[in-house]
1. Convert 4 °C to kelvin, take the viscosity as 1.567 mPa s, use the Kirkwood radius over C-alpha pairs of region 124-227 as Rh, and evaluate the Stokes-Einstein diffusion coefficient in µm²/s, rounded to a whole number.
2. Please list, by residue number, every one of the trypsin sites (Lys or Arg not before Pro) in region 237-303 that is coil in DSSP and has at most 13 other beta-carbon atoms within 10 Å.
3. With n ≥ 4 as the cut-off for DSSP H runs, can you work out [θ] at 222 nm for the chain, using -39500 (n - 2.57) per run divided by the number of residues, rounded to the nearest 500?
4. What does region 175-246 give for Rg and for Dmax, in Å, if only its C-alpha atoms count?
5. Any idea how far the Cα center of region 104-178 sits from the one of region 356-377, in Å?
6. Counting only protein heavy atoms and using a 1.4 Å probe, what share of the accessible area of the chain belongs to carbon plus sulfur, as a whole percent?
7. Take residue 71 and residue 258, extend 7 Å from each Cα along the Cα→Cβ direction, and tell me the distance between the two endpoints in nm.
8. Using the Cα atoms of region 4-149, I'd like the radius of gyration and the largest Cα-Cα distance, Dmax, both in angstrom.
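The values are calculated or read from the model by the stated rules, or taken from the named source; none is laboratory data. Source: prediction; values computed, not measured. All Cβ positions, glycine included, derive from the backbone under ideal geometry; neighbour counts span all protein chains shown. The area values use the complete protein model at the heavy-atom level, side chains included, leaving out ligands, DNA and RNA. Shrake-Rupley method; radii C 1.70, N 1.55, O 1.52, S 1.80 Å.
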Amino acid sequence: MSRRRIAVLGSTGSIGRQTLDVIARHPERFAVSGLAAGRNVELLAAQVTQFHPQVVSAGSEAAAQELAARLEPGDARVVHGTEGLHAVACASNADLVVAATDGAVAFEAVFAAVAAGIDVALANKELIVAAGDLLAAEAARSGARLLPVDSEHSAIFQCLQGAPPERVAAIVLTASGGPFWERSRAEMEDATVADALAHPTWRMGVKNTIDSATLMNKGLEVIEASRLFGIPGERIHVLVHRTSIAHGFVIFTDGNVLAQLAPPDMRLPIGYALAYPDRLADRPHDDPLAALGGERGSTATSLTFERADPERFPCLRLAYRALELGGTAPAIVSAANEIAVQAFVAGEVRFGDIPACIETVLEGVATSESSLDAVRRADRTARELARDFVRQRLAGPTRST
Ligand code: MG
């Protein structure tokens, strides 16, 4: 079997590092053709030395120079910036591009890879949320496969294998509930950054962890699921499941329900995407309860599910609203959320201001257009309006901290 060549955009981030971890355990199946990262030059250089990609991209010219200085001549072609991301995605001879950057930085590179018919494993939530419908259309045209990496979407994708799409009645995404599931909305208003970063089950980056405290993470995932699987918002449900063992269910028109369960470890959905349609063979679970996240040798485990309340977690309501509005509304929600979360982490706004900011921006700019240009413009405008909101909060008299 020839090795599948993988390019990783965002190789020093949480998903990027776990992707390389899976690859390192399967040198007979996978090779790294390209790596792209932002500013963490030290780690990127170590990854180049370990995995020998053809092309490697750093975030800026200065970072690329620093990287080149750390490498032996001939280690890899060093590039940078937007063009660098493009080169890693499209010019490293990759069979599969793992899109694991944060935010909008890799939009062009991922679109170019899909247009060129290269399969993409999608871990970049913002990209699917903002432009998932366009990406899906481009993939249908070019024949590129879009493989979900997000655990819930991998779950749905796995449950859908071999199923006729018209027999899917509804899908369910599970949510851990984040650190504030037990709190009232009033108690959440002034939650601190440290509180919000204390996630019960998943280890993730700062942005994702705050998003899971507001449940915007799940809101964005509802949009993501709608885009990836072509299912409208009213047929996508969210259930809070505190232990993150069951990741998603598909409810079929005949009443049968399929669920996917696995321990909360991102290397499992990553491995599924890398090996698809095959499966890796590195986790021989002789103990079924351990396979469900229990202690090895334990005698029982239990799974619980609760409905999520969109009034207590307004970010969830805003995500459904964006799906209903369509066009660029999902891009607007995602961009405004990014700015609001940054401002919260910087201590500029309160936790409760995050949904307030998104709602204000969404009311200000929602449009029904659907093109990559419209998405780009909506993204820019939403960021400006969100920054205006933050400035007003900073200047305002009602700030309590
Ligand atoms: Mg997820």
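1. For these conditions, the coefficient is 84 µm²/s.
2. Hits after loop and neighbour filter: 279, 296.
3. It lands at -14500 deg cm²/dmol.
4. Taking only Cα atoms of region 175-246, I get Rg and Dmax of 13.0, 37 Å.
5. 21 Å
6. Using a 1.4 Å probe with all protein chains present, the chain comes out at 50 percent carbon and sulfur.
7. In this crude label model, residue 71 to residue 258 measures out at 4.2 nm.
8. 14.0, 42
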